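A short write-up of the structure that comes next.
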Amino acid sequence: MIKVFKILIQVAVLYFFAIIGNLLSSILHLPISGSIIGMFIMFAMLYFKILPVSKIEMGASFLLSEMLLFFVPSAVGILQYKEAVFNYGTQFLLVICLSTITVMIVTGIVAERFSRQKERYR
Amino acid sequence: MLVSFLCIIMTIVSYIIAKFIYKKSKIFILTPLIIAPVLLSSCIILLGIDYTDYDKGGRWLTNMLQPAVVGFAVPLYKYRAVLKKHMRVILVSMSSGAIVALASSGIYAHLVHLKNDYLLSLLPRSVTTPIAMVISADIGGVPTMTAIFVIVTGICGLILGPIIIRFFHIREKLAKGLLLGMGAHGAGTSKALEFGTEEGAAASLAMVLAAVLTLIFAPIITPLILL
C-alpha cells in the first residue's frame, strides 16, 4: 500500500514537471512540446543533484513499464478512420514497412562502421 | 461523466486482459497494443458508445503520456556515462537515422500517391507516440492517425529488426540497440532488452534521442518533402 502511495506521489511530481514544461512552451512560444521541456528540466535536476533519482525512480519506471496502456485510447482512435484504413491500408503498411527497414539499415550500418573505426585507431 | 469513467475502467481492464494473453501465449504478434484496442473497439461498437464520448474518458489516459515522457529523464540520467563515451558514434548514426526516417516516409508516401495530410501524419511515425503526435500537429498532420502509424511501426520493427541485424551482420551491441530504438521506439527497446542489457540501454537512449532529433529535423525536412 505504501508502495502504491509512493508511486502516485512520484507520478504527480512528474506530471508537475510536464505542466511547468507546458507553461514554458506556451509562454515562450517554443516549438517543442511541454513534456520534452519537462524531461530536460528533470534531467538537469538529476544531473546537478538537486533532486535525487530515488525520489522519482519508482514513479518513472511504473509509467514507462505501463506505457502501452496510455497508447490504447489513441489506437482505438482508428475507429474514426475506418474509411481511410479501408481505402489506403495497403499503402500505409507498405510505406511503414519499407521506411522502417530503410531507417534500421542506415542507423545500424553507420553505428557499426563508426564504432569499428574507433576501435582500429586505438 | 459516468460514461467517461466507465470508458477509463474498460480501457484498463482490456489492457490487463491483453497483457495476460501476451504473457501466456508468448507470441509477439499478440502484443497488448493489438489485443487491447481490438477488445476495446468491439466493446465500444457492441455497447453503441459514440467515439467522441469514449474519447472524453480516453483522453485522461492519453494525458498520462506527458509524465511518462518526463520519466525518460531517469534512463537518460542512468546511461549518461554510456552516452558520453560513445557520443560521436551515437550522434552521427542517430542523426542519419532521424533524417532518413522523415525523408523515406515522405518519399515512399509520394511514390504510392498518398494525400498530403496522410503523408504528413506518416513523417514522425518512428518516434514514441506522445512526441510523434506533437510533431504531427506541428507540421500539419492528423495526430490520431500518427498514433496509429507509430503503433504499426512498432509492430513492424519488432518483426523486421532481428532479421535486419542478422542479414547485415550487425555485431556491435551499441549498433543493435541504436537500430532497434531508432527504428521502432519503445517496441524496439523491449526487443533490444531481449538481446541484453547493453543493447537495451542503447535502445532506450536511441528512443529519447530519436524523439529530440526528429523534433529538430521535422520542421526543416517537411517543407523539402512537400516541394
Could you tell me which of rounded, prolate or oblate describes region A:1-65, using a ≥ b ≥ c as the square roots of the eigenvalues of the alpha-carbon gyration tensor, with rounded for a/c under 1.5 and, failing that, prolate when a/b is larger than b/c and oblate otherwise?
prolate
Cα coordinate range in region B:1-157, projected on the principal axes (Å, largest first):
53, 42, 32
Cα shape, the protein assembly as shown, gyration tensor, a/c 1.5 rule:
rounded
So if a site counts as exposed when it's one of the trypsin sites (Lys or Arg not before Pro), its DSSP state isn't H, G, I, E or B, and it has at most 11 other Cβ atoms within 10 Å, what's the longest stretch of chain B without one?
B:27-114
Here P(r) for region B:2-63, Cα-Cα distances in 5 Å bins, as whole percents, is 4, 20, 27, 22, 14, 9, 4, 0
Relative contact order, percent, of chain B when contacts are C-alpha pairs under 8 Å separated by at least 6 residues?
18 percent
Counting other Cβ atoms within 10 Å, keep those with at most 13, restrict to DSSP loop, and tell me which chymotrypsin sites (Phe, Trp or Tyr not before Pro) in region A:5-60 are left.
A:PHE48
Please compare each pair in B:LYS23/B:LYS176; A:LYS6/A:LYS49; B:LYS24/B:LYS115; B:LYS26/B:LYS78 to a cut-off of 32 Å on the Cα-Cα distance and tell me which ones are over it.
B:LYS24/B:LYS115
Crossing angle, helix B:129-139 versus chain B [Cα axis fit, 0-90 degrees, rounded to tens]:
80 degrees
Determine how large the accessible area of A:HIS29 is when every protein chain is in place; take a 1.4 Å probe and give Å² rounded to the nearest 10.
150 Å²
Any idea what the relative contact order of region A:19-122 is, in percent, if you count C-alpha pairs under 8 Å spaced at least 6 apart?
12 percent
Between helix B:87-111 and chain B, what is the angle of the helix's C-alpha long axis to the longest principal axis, kept within 0 to 90° and rounded to the nearest 10?
60 degrees
Can you give the alpha-carbon Rg of region B:73-226 over 2.2 N^0.38 Å, where N counts its residues?
0.99
With a 1.4 Å probe and all protein chains kept in place, how much accessible area does B:CYS7 have, in Å² rounded to the nearest 10?
0 Å²
May I ask you to rank A:VAL76, B:VAL112 by accessible area, largest first, using a 1.4 Å probe over the protein chains only?
B:VAL112, A:VAL76
Angle check, please: helix B:143-167 long axis (alpha carbons) against the longest principal axis of chain B (alpha carbons), in degrees 0 to 90, nearest 10.
50 degrees
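The values are calculated or read from the model by the stated rules, or taken from the named source; none is laboratory data. It should be emphasised that the depicted structure is a prediction, and the values quoted were computed from it without experimental measurement. A quick note on method: Cβ atoms are made from the backbone with ideal geometry, for glycine too, and the neighbour counts reach across all protein chains shown. Keep in mind that these areas ignore ligands, DNA and RNA; they rest on the heavy atoms of the full protein, side chains included. Shrake-Rupley method; radii C 1.70, N 1.55, O 1.52, S 1.80 Å.
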